[in-house]
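First up is the structure itself, then whatever we jot down about it.
The values are calculated or read from the model by the stated rules, or taken from the named source; none is laboratory data. Small disclaimer: the values here were computed from a predicted structure and weren't measured. When we count neighbours, we look across all protein chains shown, and the Cβ atoms used for this are built from the backbone with ideal geometry, even at glycine.
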Amino acid sequence: MPDAPAPIAVRDHKTLDSARPFVALLLVRRLTTKTASNGNPFLSVEFGDRTGSFTATLFADHPQFDLLKALPEGSALRLEGKVEFYQGRLSPRIGKLEALDEAALAEPGMLENLVEITPLDPVALWTEFNALVDGIAHDELRLTTRGVFEEIGEAFRVSPAAIAMHHAYRHGLLEHTVRMARAAKALLPLYPEVDPSLVLAGILLHDTGKVIEYEGTLTTRRSRKGILQGHVVLGYQLARKHGIKARLDAGRLERLEHIILSHQGEPEWGAAVYAATPEGVFVSMIDNLDAKMGMVQRALRQANEGDEFSERLPGLNTQLLTRPVNE
């Protein structure tokens, strides 16, 4: 009897011909029950691994419908199917499904293949991050920042920066924050009106509420507090708590809180207020820059050699040209 075919990654599916059978080890990232126009239920499921994701549909008459419907988001499974495309996007025909147990997930390399992680070295990022905290010149701002990360450090080190939009992978929040600090250091000499210590503390603290807003190891979902309060308010609470403890003066504490409350830029994007200080405007712009460039970098990493454009990126409201400049 021939050996079972080795599982392939999501990225590899896109290079296969239609109707080609495949096997993959995947996570159930999102699972939504919907109703068709004829009244019959169906499942819309986002499957993924560390190389990407795709969405498939299962109708109620599919033999695996009940099994999949009963699985919680974040479940890992072995999927057999056939390659199909819908409107240019991978949308495979699902065959057999088999949920993976804890023993299978404990096998060497399994989690690393299922969960997308930062393309950078997370150990080096964490070392650089801690040096950035130590580099805050203002004593009470440095103590405030250090106090927050003494409380949430390990969760921050591994957390994604988003569920889907940008840096939405393990260590993504750390990567995003360090990249913002690098950009700030390059740009601060151009804007002497901006206080460097406030900017650096604000950047390091701006998304700290996400360690409370998000939960889950294999997949990311919003927590109860995340839904009811959101990371902007949760981050503001962390900064205020440790600012008061560090005896940060009222004026700087107010400005630090304002950076966190305004960093999303627009109320429709989640900001509590518009940026109204030099430091608030500066941090908000750098946050927007790195978020969008993070989308660009991820799309380029996931592009296949033959692709000219990526799929539509919601955060950019367009597709991205993925060919190098000289092509």
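Some points to look at:
- Output for segment 23-81, where each listed residue is of a type in the set (Asp, Glu) and under 23 Å from residue 217 (Cα atoms): 46, 49, 73
- Of residues in segment 9-32 being in contact with a strand residue (DSSP E or B) (Cβ under 6 Å, 6 or more places away or on another chain) and of a type in the set (Val, Ile, Thr), the one modelled with the highest pLDDT: 32
- Taken over segment 255-296, residues that are aromatic (Phe, Trp, Tyr) and surrounded by fewer than 16 Cβ atoms within 10 Å (Cβ to Cβ) amount to 2.
- Of all residues in segment 42-64, at least one satisfies being in contact with a strand residue (DSSP E or B) (Cβ under 7 Å, 6 or more places away or on another chain), under 23 Å from residue 214 (Cα atoms) and surrounded by fewer than 17 Cβ atoms within 10 Å (Cβ to Cβ).
- Which listed residue is among the aliphatic types (A, V, I, L, M) and under 29 Å from residue 31 (Cα atoms), from 198, 190, 218: 218
- Out of 213, 193, 140, one residue alone is among the acidic types (Asp, Glu), under 25 Å from residue 277 (Cβ atoms) and touching a Gly at 6+ places or on another chain (Cβ under 6 Å). It is 213.
- Residue tally, condition within 20 Å of residue 117 (Cβ to Cβ), surrounded by fewer than 17 Cβ atoms within 10 Å (Cβ to Cβ) and either of a type outside the set (A, V, I, L, M, F, W, C) or in contact with a helix residue (DSSP H, G or I) (Cβ under 9 Å, 6 or more places away or on another chain) (or both), over segment 297-313: 2
- Taking segment 159-239 and the helices (runs of 4 or more DSSP H) fully enclosed by it, the elements with 1 or more residues that are buried (at least 24 other Cβ atoms within 10 Å of the Cβ) are at 172-187, 196-205, 210-213.
- Considering residues of segment 240-256 that are among the aliphatic types (A, V, I, L, M) and in a helix (DSSP H, G or I) only, the residue farthest from residue 46 (Cα to Cα): 250
- Residue in segment 141-152 that is surrounded by fewer than 19 Cβ atoms within 10 Å (Cβ to Cβ), within 22 Å of the chain's Cα centre (by Cα) and in the same structural domain as residue 195 (by TED's automatic domain parsing) present: yes
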